[in-house]
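Input: a single structure, listed below in structure tokens.
The values are calculated or read from the model by the stated rules, or taken from the named source; none is laboratory data. Keep in mind that this is a model prediction, so the values were computed, not measured. No Cβ is skipped: glycine too gets one built from the backbone with ideal geometry, and neighbour counts run over all protein chains shown.
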Amino acid sequence: MTAQLIDGNALAKKIRTEVAGRTAALQARGIEPHLVIILVGEDPASEVYVKHKVADSAQTGLKATLERYPATLSEDELLARVHAHNGDAAVHGILVQLPLPAHMDAHKVIETISPAKDVDGFHVQSAGALLTGLPGFWSCTPYGCMKLIESTGTTLRGKHAVVIGRSNNVGKPMALMLLQQNATVTICHSATADLGAITRQADVLVAAVGRRKLVTADMVKPGAVVIDVGMNRGDDGKLAGDVDFDGVKEVAGWITPVPGGVGPMTRAMLLVNTLEAAERAAK
Ligand code: NAP
């Protein structure tokens, strides 16, 4: 079997077009959806991520303001900036790019963001809303994975979904989103015994670990939907996922590539969350 490719770039493009339309509708009512991105320090990877986020916003007509601060900024100064944006009705989304410099408590900073503006979906209140099925912002990466799965036409009800990884930003919210869609969910992690025995049962398999070629063809059920969240930079400088793409594509029914799968969807869902924040504020 050769799996069908789930094209994250194409789906993200479609979502950006929808966001642009909804943004224009808000602007016609005099509302300018506005995302503030705060970058502290000069982490090279963060610089790239932030550049993409600003460019994506501009492409869809969303206003994005990038606030840059030196790594010497104090935590109190950063918290004061977040508080100022919380109180500014013209700002709808606040994103503090992680990682922060070592002298800052990232958890404290994220918890200072108003949940109504937490477009990254990292606030404890956002996580709690997902857990309890209340409205709130979903973490962008698992939210994007849900859209990728949906695009295959797969009905999750009654299916066995296996998530490898249990981080707060990816693995755990991913499992909750799949559960909300009535999948039977198993979460695997570094202490899971016989990973392959579990992943072979998966109708939907999401790998969010950060280990190149962790998932090999013999670990995948024929016809499964395989979503590869992993982003691993090889010695050759090339980006690879957690899934052995060449082997697994011969077994799976659907598969995301890396790059061009989950990455563009994570960025697209940030735009969706920002737009939704503006729409909610306008109500
Ligand atoms: P993380 O916080 O490091 O979590 C990794 C998870 O993998 C942990 O739960 C860990 O288990 C588990 N794990 C480690 N080794 C394992 C093994 N041998 N078998 C089974 N589970 C194992 O990472 P993350 O933030 O969730 O990110 C995961 C990957 O996704 C990374 O490559 C990251 O770069 C990528 N990512 C991509 C995007 C995107 O937009 N494409 C966004 C976010 C993250 P324990 O909990 O037991 O330690």
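Selection of the range 149-174 for residues being surrounded by fewer than 22 Cβ atoms within 10 Å (Cβ to Cβ) and within 13 Å of the ligand (Cβ to nearest atom) yields 166, 167, 168, 169, 172.
Residues are listed down the side, and each one gets a yes or a no for (1) surrounded by fewer than 17 Cβ atoms within 10 Å (Cβ to Cβ); (2) within 30 Å of residue 102 (Cβ to Cβ); (3) hydrophobic (A, V, I, L, M, F, W, C):
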{"site": "11", "(1), (2), (3)": "no, no, yes"}
{"site": "20", "(1), (2), (3)": "yes, no, yes"}
{"site": "31", "(1), (2), (3)": "yes, no, yes"}
{"site": "36", "(1), (2), (3)": "no, yes, yes"}
{"site": "40", "(1), (2), (3)": "no, yes, yes"}
{"site": "55", "(1), (2), (3)": "yes, yes, yes"}
{"site": "65", "(1), (2), (3)": "yes, yes, no"}
{"site": "74", "(1), (2), (3)": "yes, yes, no"}
{"site": "86", "(1), (2), (3)": "yes, yes, no"}
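Only one entry in 152, 192, 184 is among the hydroxyl-bearing types (Ser, Thr, Tyr) and in contact with a Phe, Trp or Tyr (Cβ under 8 Å, 6 or more places away or on another chain), namely 152.
Total residues in the range 252-283 satisfying the condition of being in a loop (DSSP other than H, G, I, E, B), buried (at least 24 other Cβ atoms within 10 Å of the Cβ) and aliphatic (A, V, I, L, M): the figure is 1. Tallying residues that are among the aliphatic types (A, V, I, L, M) and without any contact (Cβ under 8 Å) to a residue 24 or more places away in the chain within the range 148-202 yields 5.
Entry remark, the range 215-251: residues being surrounded by 16 or more Cβ atoms within 10 Å (Cβ to Cβ) and of a type in the set (D, E, K, R) number 5 in total. Once the range 207-237 is narrowed to residues that are part of a loop (DSSP other than H, G, I, E, B) and in contact with a Pro (Cβ under 9 Å, 6 or more places away or on another chain), the residue that is farthest from residue 193 (Cα to Cα) is 231. The criterion of being free of Cβ contacts under 8 Å to residues at least 60 places away in the same chain and on the phi > 0 side of the Ramachandran plot holds for residue 210. Checking 137, 122 one by one, the residue that is in a loop (DSSP other than H, G, I, E, B), within 16 Å of the ligand (Cβ to nearest atom) and more than 14 Å from residue 277 (Cα to Cα) is 122 and no other. Restricted to the range 247-283, and to residues there that are hydroxyl-bearing (Ser, Thr, Tyr) and under 21 Å from residue 227 (Cα atoms), the residue that is farthest from the ligand (Cβ to nearest atom) is 256. Counting the residues of the range 228-245 that are within 10 Å of the ligand (Cβ to nearest atom) and under 23 Å from residue 151 (Cβ atoms) gives 8. Taken together, 191, 175, 161, 197 contain a single residue that is among the hydrophobic types (A, V, I, L, M, F, W, C) and either part of a loop (DSSP other than H, G, I, E, B) or modelled with pLDDT under 95 (or both), which is 191.
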